[in-house]
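*Asks:* Pasting a structure below so you can have a look.
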Amino acid sequence: MIEMLVQSRPGHVELLPALPAAWADDGSIRGAGVRGGFVLDLRWRHGRPTEATPHSVGGRTTTVSYAGATRRIHLAPGGSVTLRNLAP
């Protein structure tokens with residue numbers, strides 16, 4: 001189920017790759033483990049991410065992407081950052 005909302009591999013996190021239409025209006029997840037040493041909180045509205053907060057467990061660098069737009073982030077272990085305006 002989580003893979004519909006977040007797909008990941010070390011160094012890359014893809015947001016909402018297969019969001020079901022029934023969930024598209026408004027939603028969120030908290031604490032989704034993603035590969036590369038991160039945990040993700042994600043909110044979306046109208047099928048687009050509005051806010052993504054990767055928290056570093058042990059990871060340092062990853063790329064967060066949605067619909068071809070990407071943001072590269074660098075975090076110290078234990079750090080986090082909130083990304084907004086992710087849609088192209």
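The values are calculated or read from the model by the stated rules, or taken from the named source; none is laboratory data. Not measured: the values here are computed from a predicted model. Note: ideal-geometry Cβ built from the backbone for every residue, glycine included; neighbour counts use all protein chains shown. Heavy atoms of the whole protein, side chains included, go into the accessibility calculation; ligands, DNA and RNA do not. Shrake-Rupley method; radii C 1.70, N 1.55, O 1.52, S 1.80 Å.
*Asks:* For the chain, with all protein chains present and a 1.4 Å probe, just round the carbon and sulfur fraction of the accessible area to a whole percent.
*Replies:* 49 percent
*Asks:* Separation between the ARG30 and SER80 pseudo-spin-labels, each 7 Å from Cα along Cα→Cβ, expressed in nm?
*Replies:* Result: 0.9 nm between the two label points.
*Asks:* Using just the C-alpha positions of the chain as equal point scatterers, what log10 of I(q)/I(0) does the Debye formula give at each q in 0.24 1/Å?
*Replies:* Normalising to I(0) and taking log10 leaves -1.21.
*Asks:* Considering amide H positions built from the backbone, and no H for Pro or chain starts, which residues 5 or more places from THR61, or on another chain, come under 5 Å of its amide H?
*Replies:* LEU75
*Asks:* Where Lys and Arg each count +1 and Asp and Glu each count -1, what net charge lies around PHE38 among other residues with Cβ under 15 Å from its Cβ? Kindly include the intermediate steps, with their values, before the conclusion.
*Replies:* Working: positive: ARG9, ARG30, ARG35, ARG60, ARG71, ARG72; negative: GLU14, ASP41.
Net local charge, PHE38 excluded: +4.
*Asks:* With n ≥ 4 as the cut-off for DSSP H runs, can you work out [θ] at 222 nm for the chain, using -39500 (n - 2.57) per run divided by the number of residues, rounded to the nearest 500? Numbers along the way, then the final one.
*Replies:* Numbers: 1 runs with 4 residues, N = 88.
So the helix-based figure for the chain works out to -500 deg cm²/dmol.
*Asks:* Let me ask something additional. Counting only protein chains, not ligands or nucleic acids, how are SER56, SER80 ordered by accessible area (probe 1.4 Å), most first?
*Replies:* Numbers: SER56 10, SER80 65 Å².
Sorted by accessible area, descending: SER80, SER56.
*Asks:* Next question, about the same structure. With just the Cα atoms of the stretch 31-76, tell me how far they stretch along each of the three principal axes, in Å, largest first.
*Replies:* 32, 21, 15
*Asks:* What does the net charge come to around GLY47 if you take all other residues with beta carbon closer than 12 Å to its beta carbon, with K and R at +1 and D and E at -1?
*Replies:* Working: positive: ARG45, ARG48; negative: ASP25, ASP26.
Once positives and negatives cancel, what remains is 0.
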